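Derivation of every value follows stated rules applied to the coordinates shown; laboratory data play no part. Keep in mind that what you see is a predicted model, and the values were worked out from it rather than measured. Positions of Cβ are generated from backbone atoms using ideal geometry, with glycine treated the same way; all protein chains shown enter the neighbour counts.
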Amino acid sequence: MPDVKDVGALMSVTYDVAARDFVRAGEAASKLKRLLQQLGLDPAVIRRAAIAAYEAEMNIVIHSYGGQIKVDITPESIEMICEDSGPGIPDIEKALQEGYSTATEEIREMGFGAGMGLPNIQRSADQFRIESTVGEGTCLQVTILHEAGE
Ligand SMILES: Nc1ncnc2c1ncn2[C@@H]1O[C@H](COP(=O)(O)OP(=O)(O)OP(=O)(O)O)[C@@H](O)[C@H]1O
Ligand SMILES: [Mg+2]
């Protein structure tokens, strides 16, 4: 169960994401999508948040040792902090390029590893930040504004 706190107009939810758990992979993003639908947010905003959360979640499952997606929902925005412990990303610029992937053959056979996750997150976000330390882990900050013109 996600840890949901409702503090007036601000809601904060944290989803744990386990490494290599392909049975539960995608659950955090689905749960977030359902929550945003229950809050009655704009479908275009929900769609962008769900895409970003799904790609970030899959990257934690596939590339890290496990992590969390923390979501703050305010009247202005949906902000996600996706943090993991893991090998980190040695060359972030390269990782952000479309088609760049270090996914193994086994992962590609499962349908992942097109190298499109990070570019899709960036496209979906109004604000995007990525920090990574090799040997420690990676942290993405993704903000989606409710007012974004779609
Ligand atoms: N959380 C992470 N920890 C470590 N490395 C990562 C992480 N996220 C991304 N990477 C690195 O950046 C590369 C590009 O990530 P991206 O999500 O764009 O593509 P992918 O995960 O390889 O494939 P796709 O997302 O299309 O299934 C990955 O192949 C991996 O090398
Ligand atoms: Mg990916």
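When only DSSP loop residues count, what GluC sites (Glu not before Pro) in segment 104-139 have their Cβ near at most 15 other Cβ atoms within 10 Å?
Those satisfying the criteria are 136.
Kirkwood hydrodynamic radius for the chain: how many Å is it when counted over pairs of different Cα atoms?
Evaluated over the chain, this radius sits at 15.5 Å.
Using 1/(1 + (r/R0)^6) with R0 = 22 angstrom and r between the beta carbons of residue 116 and residue 44, what's the FRET efficiency to the nearest 0.05?
Computed FRET efficiency for residue 116 and residue 44: 0.65.
Are there DSSP H segments in the chain that both extend 20 Å or more along their axis (alpha-carbon positions) and score a mean Kyte-Doolittle hydropathy of at least -1.0? List them, or say none.
The qualifying helices are 43-63.
Taking other Cβ within 10 Å of each residue's Cβ, how do 145, 32 sort, fewest first?
Listed from fewest to most nearby Cβ atoms, that is 145, 32.
Using a Cα distance threshold of under 21 Å, what count of lysine pairs results for segment 3-145 when pairs must be 8 or more residues apart or interchain?
Counting lysine pairs in segment 3-145 gives 5.
Which residue fluctuates the most in the chain, going by a Gaussian network model with Cα springs under 10 Å, if the choices are 117, 99, 137?
99
Quote the charge dipole size of the chain about the Cα centre in Debye, to the nearest 20; the model charges only the Cβ of Lys and Arg (+1) and of Asp and Glu (-1).
320
Can you put 82, 139 in order of Cβ neighbours within 10 angstrom, beginning with the fewest?
Ascending number of Cβ neighbours within 10 Å: 139, 82.
Arrange the following residues from fewest to most other Cβ atoms within 10 Å of their Cβ: 80, 110, 58.
110, 58, 80
In a GNM of the chain with a 10 Å cut-off on Cα contacts, which of 122, 68, 97 has the highest mean-square fluctuation?
Residue with maximal mean-square fluctuation among 122, 68, 97: 97.
Can you give the relative contact order of the chain as a percent, counting alpha carbon pairs under 8 Å and 6+ residues apart?
Once divided by the residue count of the chain, the mean separation gives 25 percent.
Once the piece of chain linking residue 105 and residue 24 is laid out straight, how much longer is it, given 0.36 nm per residue of separation minus the C-alpha distance between them?
Contour length minus the Cα-Cα distance gives 27.1 nm.
As a check on your grasp of the helix formula, calculate [θ] at 222 nm for the chain: sum -39500 (n - 2.57) over DSSP H runs of n ≥ 4, divide by the residue count, round to the nearest 500. Don't jump to the answer; show the numbers that get you there.
On the way: 5 runs with 50 residues, N = 150.
Roughly -10000 deg cm²/dmol at 222 nm, from the helical runs in the chain.
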